[in-house]
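Heads up: the structure comes next, in structure tokens.
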Amino acid sequence: MEHKVEQVAKKELAINPEILQRLKDRFGSGVFSFADLVDFSNYDPEIGYYSGKKAEIKLFGAGDHPILYPDIPDKAAYEALLLKLHKENPEAYKTPVEIHSPYYAIGVARHMETLFELGGVEPKIYEVGAGRGTLVKDILDYLKKYSPALYEKVHYGIIEASPKLAEIQRRRLMGHAGKIEWVSGDARRLPFRDQSIDGILVNTELLDNLPTVCIKRKHVTPGKKVSIDDFVQIGYQVVDDKLVEKELPLTDEIRNYVRERSSLLEPEETYANTPTLNIPLGQKGYIGL
């Protein structure tokens with residue numbers, strides 16, 4: 001016998017007036033998905049985290065002011081320094097590229113040298129979502145100093161969805177004029193003719209910023225394996241100046257994605273350390289299409 005849960009009262013979320021107005025401007029009174037909300041939060045041209053007019057991608061104790069490792073006596077001192085940086089910069093980037101600049105990029109650049117020189121790879125690099133341009137700058141700085149012949153041949157393409165970040169990158173990378181090409185594009189729809197490249201594709205700390213689908217388990221059939229039909233998609237709507245959570249039918253795109261990945265419907269212990277949608281009734285899960 002199939003077990004169903006009655007529709008629960010919709011959650012209403014209080015919201016900042018400026019954000020509320022931007023949501024109205026973009027979506028009106030229509031219903032939009034969780035993926036739409038994530039995309040809006042990151043890339044809205046007025047208030048988006050990356051693209052908003054007031055957006056400031058703060059440096060995290062590295063990059064222009066790198067950690068001086070010779071001054072750190074031991075592991076305990078290193079961990080204490082990282083903790084201090086986190087406390088002093090709670091809203092700043094906390095990525096290895098920034099924290100360990102330029103050393104993180106030097107490690108990447110050395111691996112690229114091997115691929116270019118021994119692996120027969122075209123001397124082209126494409127980075128999707130380059131942030132403040134720290135990785136680009138550090139890689140090209142290294143190649144220019146230590147592999148000048150390779151530096152002369154290398155082409156670096158940046159695929160960037162945020163005009164604001166692209167402008168920051170251009171200012172920081174003026175020392176490598178002529179080596180870099182900017183392409184307006186989205187990681188979900190790479191602007192390559194056949195979805196492939198000749199060279200090396202880089203996407204550091206990017207996937208966690210991509211919009212995901214939020215789903216919720218609404219049904220359980222005792223004794224049967226979890227089914228894609230057990231789920232609804234979570235969406236939102238602005239109602240009476242509040243953000244109201246909605247339950248929506250799954251799209252064909254979501255259904256096809258799950259059908260092609262049957263392990264998503266298996267118990268967690270079946271495929272250790274892999275994502276699963278075999279979640280309890282009423283719980284939400286996320287799918288990165």
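From the square roots a ≥ b ≥ c of the eigenvalues of the alpha-carbon gyration tensor of the stretch 199-268, which class results: rounded (a/c under 1.5), prolate (a/b over b/c), or oblate?
Details: a/c = 2.50, a/b = 1.07, b/c = 2.33.
Here the stretch 199-268 falls in the oblate category.
For the pair Ala187 and Glu205, how long in nm is the line joining their label points, each one 7 Å along Cα→Cβ?
1.2
Rounded to the nearest 20 debye, what is the charge dipole size of the chain about its Cα centre when +1 sits on each Lys and Arg Cβ and -1 on each Asp and Glu Cβ? Let's see the in-between values first.
Details: 39 positive and 44 negative charges, 48 e Å.
Value, rounded to 20: 240 debye.
What ranking do 169-179, 208-218, 223-233 get when scored by the average of other Cβ atoms within 10 Å per residue, highest first? Don't jump to the answer; show the numbers that get you there.
Numbers: 169-179: 13.5, 208-218: 18.2, 223-233: 15.5.
For the peptides 169-179, 208-218, 223-233, the packing ranking is 208-218, 223-233, 169-179.
Can you list the HN-Hα couplings for the stretch 189-196, worked out from phi with the Karplus curve (6.51, -1.76, 1.60; θ = phi - 60°), rounded to whole Hz and with x for Gly and Pro?
Whole-Hz 3J(HN,Hα) from phi for the stretch 189-196: 9, 4, x, 10, 4, 10, 6, 9.
Any of Lys124/Lys145; Lys164/Lys216; Lys216/Lys242; Lys137/Lys164; Lys24/Lys53; Lys54/Lys124 with alpha carbons more than 25 Å apart? Name them for me. All intermediate terms of the calculation are to be shown ahead of the outcome.
Working: Lys124/Lys145 18 Å; Lys164/Lys216 35 Å; Lys216/Lys242 21 Å; Lys137/Lys164 17 Å; Lys24/Lys53 18 Å; Lys54/Lys124 34 Å.
Lys164/Lys216; Lys54/Lys124, as the Cα separations exceed 25 Å there.
Between Met174, Leu37, Ile47, whose Cα lies farthest towards the positive end of the dipole of the chain when Lys and Arg beta carbons carry +1 and Asp and Glu beta carbons carry -1, centred on the Cα centre?
About the Cα centre, the residue reaching furthest to the positive side is Ile47.
Gap in Å between the Cα centre of the stretch 234-267 and the Cα centre of the stretch 182-214?
23
Using the Cα centre as the reference, give the magnitude of the dipole from point charges on the C-beta atoms of the stretch 152-246 (Lys, Arg: +1; Asp, Glu: -1; all else neutral), rounded to the nearest 20 debye. Walk me through the numbers on the way to the answer.
Details: 16 positive and 14 negative charges, 40 e Å.
So the dipole magnitude of the stretch 152-246 works out to roughly 200 debye.
Read the figures in this text as sums done on the coordinates, not as results from a lab. Being a predicted model, the structure only gives us computed values, none of them experimental. Neighbour counts are summed over all protein chains in view; Cβ atoms, including those assigned to glycine, are modelled from backbone coordinates with ideal geometry.
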